[in-house]
Amino acid sequence: MKQDNQGTLVKTQSAETGRTLVTTKYDQFRTIRGNRQLNQKHIRQLMLLMEAHGNLTQDFPVVVNEKLEVIDGQHRIEALKRLHWPVHYRVQSGLGLGTVQDINQAQRNWNYLDYAASWAARGNKHYQKFLAAFEEFGGGYRTLAIYLSDPGTVHAAHLRRDFLNGDFQVPDYEHSREMLVKLEDVKEMAGFMTNRMAAALYLVFRHPDYEHKRLLRKLELYGGSQLRRYSSLIDNLRMLEDLYNHKQEESSHVRFF
């Protein structure tokens, strides 16, 4: 082991396997033949993530083999190179393309709970609240994310991206929990719940003239004959509006869309 001119550790032939090293000599790393191509969008996302949360390789070092071929972390190396930040890496002898493929496959198989647990473990309270809500209510990622996030993001296309990148926010957990309790009430009475129906109910619950007991009463009396599994948000809102206003005086009708 020796130091470069900046005092950073660089690999020599006597580098210790398993020890975490640090370098700014980015060009010493080699791409293993057969590894996936660099994804420029992923690199840009990593740069933003690092600028917000620091050098991720300090806690999760890049893994290379004894030839300095990158086994896990080629996108992180490129992001750090563009930021001019040092790379923390670990040498593991005997690893090859098969290991790379196994790691890539495992990363593709991560689900929303894996990401939530990862961010929560790093101390992110918003993801800790997400996991608490999942523990209590279950449900799919999108429904929980909509109910827990800022109301303005209910239709936002970037909701999943923010969730995976660590930017998910829970501004008012108690209020969100109250709406999730209402959702559970409707689900129990209706006997089913789709993602689109849950999204429509999110908007219904926020309507200033909505009365929860009235909807539950309608579900008890007419739910079985009034509810359908629609694929669009508008159709679900129309269905809920029809049920909510069923056999009501016109003066008490409420429009939900």
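The values are calculated or read from the model by the stated rules, or taken from the named source; none is laboratory data. Remember, it's a predicted structure, so these values are computed and weren't measured experimentally. Using ideal geometry, Cβ is built from the backbone for each residue, glycine included, and neighbour counts are taken over all protein chains shown.
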Checklist line | Hey, ASP185 among the charged types (D, E, K, R) and either over 30 Å from LEU49 (Cα atoms) or not in a helix (DSSP H, G or I) (or both) or not | finding: yes
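Just to be sure, is ASP162 within 13 Å of the chain's Cα centre (by Cα), more than 15 Å from LEU240 (Cα to Cα), charged (D, E, K, R) and modelled with pLDDT under 90? Walk me through it before giving the result.
Numbers: within 13 Å of the chain's Cα centre (by Cα): yes; more than 15 Å from LEU240 (Cα to Cα): yes; charged (D, E, K, R): yes; modelled with pLDDT under 90: yes.
In short, yes.
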Next item on the list: Go through segment 25-46 and give me each residue that's modelled with pLDDT of 85 or more and surrounded by fewer than 17 Cβ atoms within 10 Å (Cβ to Cβ).
Entry: LYS25, TYR26, ASP27, GLN28, ARG30, GLN40, ARG44
Next item on the list: Look through LEU95, LEU80 and report the one residue that is in a helix (DSSP H, G or I) and either modelled with pLDDT of 75 or more or surrounded by fewer than 21 Cβ atoms within 10 Å (Cβ to Cβ) (or both).
Entry: LEU80
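Consider segment 227-248. How many of its residues are in a helix (DSSP H, G or I) and over 18 Å from ASN195 (Cα atoms)? Give the derivation first.
Kept after step one, since they are in a helix (DSSP H, G or I), are these residues of segment 227-248: 233-245.
After this cut, where a residue has to be over 18 Å from ASN195 (Cα atoms) as well, the list is 242-245.
Of the residues in segment 227-248, 4 are in a helix (DSSP H, G or I) and over 18 Å from ASN195 (Cα atoms).
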Check: Assuming PHE60 fulfils every condition listed in (1) in a loop (DSSP other than H, G, I, E, B); (2) surrounded by 18 or more Cβ atoms within 10 Å (Cβ to Cβ); (3) not charged (D, E, K, R) apart from one, which condition is it?
Finding: (2)
Notebook entry, point to check: How many residues are farther than 14 Å from ARG82 by Cα and not in a loop (DSSP other than H, G, I, E, B) if we restrict to segment 35-57?
Noted result: 4
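Just wondering, is there one or more residues in segment 107-118 that are in a helix (DSSP H, G or I), under 22 Å from the mean Cα position of the chain (by Cα), more than 20 Å from ALA145 (Cβ to Cβ) and modelled with pLDDT of 85 or more? Even if it seems obvious, please write down each step before you answer.
Narrowing segment 107-118 to residues in a helix (DSSP H, G or I): 107-108, 112-118.
Next, only the ones that are under 22 Å from the mean Cα position of the chain (by Cα) stay: 107-108, 112-118.
Filter once more, keeping what is more than 20 Å from ALA145 (Cβ to Cβ): 107-108.
Filter once more, so that each one left must be modelled with pLDDT of 85 or more: none.
No; the residues of segment 107-118 include none that is in a helix (DSSP H, G or I), under 22 Å from the mean Cα position of the chain (by Cα), more than 20 Å from ALA145 (Cβ to Cβ) and modelled with pLDDT of 85 or more.
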Check: Does any residue of segment 194-204 turn out to be surrounded by fewer than 17 Cβ atoms within 10 Å (Cβ to Cβ) and among the basic types (Lys, Arg)?
Finding: no
